1. Could you tell me which of the residues Glu58, Glu44, Glu35, Glu81 is out of contact with any strand residue (DSSP E or B) (no Cβ under 6 Å at 6 or more places or on another chain) and under 23 Å from Ile5 (Cα atoms)?
2. Does segment 35-61 hold any residues that are aliphatic (A, V, I, L, M), closer than 20 Å to Ser114 by Cβ and touching a residue at least 40 places away in the same chain (Cβ under 8 Å), and which are they?
3. Would you check if Gln95 is within 18 Å of Glu10 (Cβ to Cβ) and surrounded by fewer than 18 Cβ atoms within 10 Å (Cβ to Cβ)?
4. If I ask for residues that are of a type in the set (A, V, I, L, M) and surrounded by 13 or more Cβ atoms within 10 Å (Cβ to Cβ), which ones from segment 121-138 would you list?
5. Are any residues in segment 19-54 charged (D, E, K, R), part of a helix (DSSP H, G or I) and over 16 Å from the mean Cα position of the chain (by Cα), and if so, which ones?
6. Filter segment 93-129 down to the residues that are within 14 Å of Tyr26 (Cβ to Cβ), in contact (Cβ under 8 Å) with a residue 40 or more places away in the chain and not hydrophobic (A, V, I, L, M, F, W, C) and list them by number.
7. Of the residues in segment 104-113, how many are hydroxyl-bearing (Ser, Thr, Tyr) and surrounded by 13 or more Cβ atoms within 10 Å (Cβ to Cβ)?
8. Filter segment 65-92 down to the residues that are among the hydrophobic types (A, V, I, L, M, F, W, C) and in contact (Cβ under 8 Å) with a residue 24 or more places away in the chain, then identify the one that is surrounded by the fewest Cβ atoms within 10 Å (Cβ to Cβ).
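What follows is calculated from the coordinates using simple rules that are stated; it is not laboratory data. Here the structure is a predicted model, which means the values were calculated and not measured. Cβ atoms come from the backbone with ideal geometry, glycine included; neighbour counts cover every protein chain shown.
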Amino acid sequence: MGELIRTEIEALQEALDDEYRAWATYDQVITDFGEVRPFSNIREAEGRHIAALLRLFERYDLPVPENDWPGKVTQYASLQEACEEGVLAEIDNGQMYERLIAASQRPDILTVFSNLMEASQERHLPAFQRCAQREAQR
């Protein structure tokens, strides 16, 4: 397997921090507005994303950064605003993974990054887009 290079370590750290932030953000929305979809489903998915990244940290014997995001994320004035921000966050997430995929040639890291990008762009983004449209019609 070999040791990771600096850019791979930084890519894993950035991905984990982003997933931590997403989980904390969606958790805050649920705290503020109740168990609303798609936030409840996507928060659960973010937990699986974190677990996938943590397996890589374990495999490469990397120290696991703390999740400092709970209590430090944006609180939204409305569910509409939260859905719209979810759309923007998932667009940013897809761009981040496109960039991070270029940081490694290791199949295990590329598989995890690709899977997380696919979930973001093919499932989470459309769910937040539907949410924003639904809330706009209320």
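1. Details: Glu44 fails: under 23 Å from Ile5 (Cα atoms); Glu35 fails: under 23 Å from Ile5 (Cα atoms); Glu81 fails: under 23 Å from Ile5 (Cα atoms).
Of the residues listed, the single one that is out of contact with any strand residue (DSSP E or B) (no Cβ under 6 Å at 6 or more places or on another chain) and under 23 Å from Ile5 (Cα atoms) is Glu58.
2. Start the filter on segment 35-61 by keeping residues that are aliphatic (A, V, I, L, M), which leaves 36, 42, 45, 50-54, 56.
In the following step, the residues that additionally are closer than 20 Å to Ser114 by Cβ were identified as 42, 45, 50-54, 56.
Ile42, Ala45, Ala52, Leu53, Leu56 - these are the residues of segment 35-61 that are aliphatic (A, V, I, L, M), closer than 20 Å to Ser114 by Cβ and touching a residue at least 40 places away in the same chain (Cβ under 8 Å).
3. On the way: within 18 Å of Glu10 (Cβ to Cβ): yes; surrounded by fewer than 18 Cβ atoms within 10 Å (Cβ to Cβ): yes.
So Gln95 fits the description; yes.
4. Here is the first cut: in segment 121-138, the ones of a type in the set (A, V, I, L, M) are 125, 127, 132, 136.
Of everything in segment 121-138, those that are of a type in the set (A, V, I, L, M) and surrounded by 13 or more Cβ atoms within 10 Å (Cβ to Cβ) turn out to be Leu125, Ala127, Ala132.
5. The one that is charged (D, E, K, R), part of a helix (DSSP H, G or I) and over 16 Å from the mean Cα position of the chain (by Cα): Asp32.
6. Hits for segment 93-129 are Asn93, Arg123, His124.
7. Residues of segment 104-113 that are hydroxyl-bearing (Ser, Thr, Tyr), as a first pass: 104, 111.
Now restrict to residues that are surrounded by 13 or more Cβ atoms within 10 Å (Cβ to Cβ): 104.
Number of matching residues: 1.
8. Here is the first cut: in segment 65-92, the residues among the hydrophobic types (A, V, I, L, M, F, W, C) are 69, 73, 77, 79, 82-83, 87-89, 91.
Restricting the remaining residues to those that are in contact (Cβ under 8 Å) with a residue 24 or more places away in the chain gives 69, 73, 79, 82-83, 87, 89, 91.
Values: Trp69: 18, Val73: 17, Leu79: 19, Ala82: 26, Cys83: 24, Val87: 19, Ala89: 21, Ile91: 14.
Per the criteria, the residue is Ile91.
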